[in-house]
Amino acid sequence: MAAAIEGMKSAYAQLSAGRADIPLRTRLAIPAHKGTAIFMPAYLADSDDLAVKIVSVFPQNLAQGLPLITGLVLVLDATTGRPLAILEGSSLTAIRTGAGAGAATDLLARQNATTVAIIGSGVQARTQLEAVCTVRQISEVYVYSIDVKHATAFAKEMAGCGPIPTRIEVVAEPEAAVRQADIICTATNSPRPVFDSRALQAGAHVNAVGSYRPDMQEVDVNTLRRSLVTVDSRTAVLAEAGDFIVPLTAGEIEETIIVAEIGEIINGEKSGRDRPDQITFFKSVGIAAQDAVAARLALKEAIAQSLGQLVTL
């Protein structure tokens, strides 16, 4: 995770410096089966990473005991264009999404942050928690999910894993987690805000990574108004994230509420947190630059450890 976090900092820095070519993701609706296929290519000039990710989201899979989201990442040699590897995409996406929030947390959260609230208990919630605990000395974790059994299983599974503390408390209401937390991570597919902004304590940092469509909104408008707002990509967030699109359409905020891309802070072009009591907010919809860098790191490790299967095309 530590290596992935540094990789995400590189991806964000290249994006904000104009050194990454990442067309807005292409969505292909499959209405007959209520599914969506998403195509995400990326080329990063400084690190010479070239890859494309294909993700499918089919809600009806759940009733069949199949994953909601599946995907793969194709890694290409940037000097010749030939394919180098195919990686399972769902795990890679979870890792790079968690690492992206870890990078933002490292840059924006208070150095003395010790408590975390996790809203959601799925795959993304797991890597969010791992990443936050990698960059800060976390001693207490609170988790909320609409599925209490799922939250309880999450707490049991994650307690004591790597840098994660052994005590994870499942709470009955999201605000019960938020009001006790220095760092809040939302990792849900909720169409409406998952906590009341009034529960945020001074100096908190929020990572919102769940919503990736205009009809999804994990945080309320007052969370944005109270915060120093940063994003992974202005273009992507304003095109895809309901957290911004909903209040923008209603005239409740303007695009200028976004203070910086996280890459601009990494590159020293914009400032991050400037006082201990400031609330900071990071919104990520996920960008293909992250996948390209994460895939390169994974492939490097696979080669070093002689993992994977070699095939001839």
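The values are calculated or read from the model by the stated rules, or taken from the named source; none is laboratory data. Just so we're clear, the structure is a prediction, and the values are computed from it rather than from any experiment. So basically every Cβ, Gly included, is an ideal-geometry build from the backbone, and we count neighbours across all protein chains shown.
Observations on the structure shown:
- Given (1) surrounded by fewer than 17 Cβ atoms within 10 Å (Cβ to Cβ); (2) among the charged types (D, E, K, R); (3) part of a helix (DSSP H, G or I), index of the condition ASP291 fails: (1)
- Summed over region 236-265, residues that are in a helix (DSSP H, G or I) and either buried (at least 17 other Cβ atoms within 10 Å of the Cβ) or at pLDDT 95 or above (or both) total 19.
- Cβ pairs under 8 Å, 6+ apart, first in region 79-91 and part of a loop (DSSP other than H, G, I, E, B), second of a type in the set (A, V, I, L, M): GLY81/LEU50; ARG82/LEU76
- The listed residues are ALA32, ALA51, ALA13, ALA63, and the only one of them that is surrounded by 20 or more Cβ atoms within 10 Å (Cβ to Cβ) and either assigned by TED's automatic domain parsing to the domain that holds ARG126 or not in a strand (DSSP E or B) (or both) turns out to be ALA13.
- Residue within region 97-108 that is under 27 Å from LEU28 (Cβ atoms) and either free of Cβ contacts under 8 Å to residues at least 60 places away in the same chain or touching a Lys or Arg at 6+ places or on another chain (Cβ under 8 Å) (or both) present: yes
- Residue within region 174-189 that is of a type in the set (Ser, Thr, Tyr), within 28 Å of LYS53 (Cβ to Cβ) and either not in a helix (DSSP H, G or I) or not assigned by TED's automatic domain parsing to the domain that holds GLY242 (or both) present: yes
- Flag if VAL116 is within 20 Å of ILE279 (Cβ to Cβ), in contact (Cβ under 8 Å) with a residue 24 or more places away in the chain and part of a loop (DSSP other than H, G, I, E, B): no
- Of the residues making up region 145-155, those that are more than 10 Å from ALA125 (Cβ to Cβ) and either touching a residue at least 12 places away in the same chain (Cβ under 8 Å) or assigned to a strand (DSSP E or B) (or both) are ASP147, VAL148, THR152, ALA153, ALA155.
- Answer residue from region 169-211, given it is surrounded by 21 or more Cβ atoms within 10 Å (Cβ to Cβ) and of a type in the set (Ser, Thr, Tyr) and is modelled with the highest pLDDT among those: THR186
- Per-region count, region 91-120, residues surrounded by 18 or more Cβ atoms within 10 Å (Cβ to Cβ), modelled with pLDDT under 95 and small (Gly, Ala, Ser): 1
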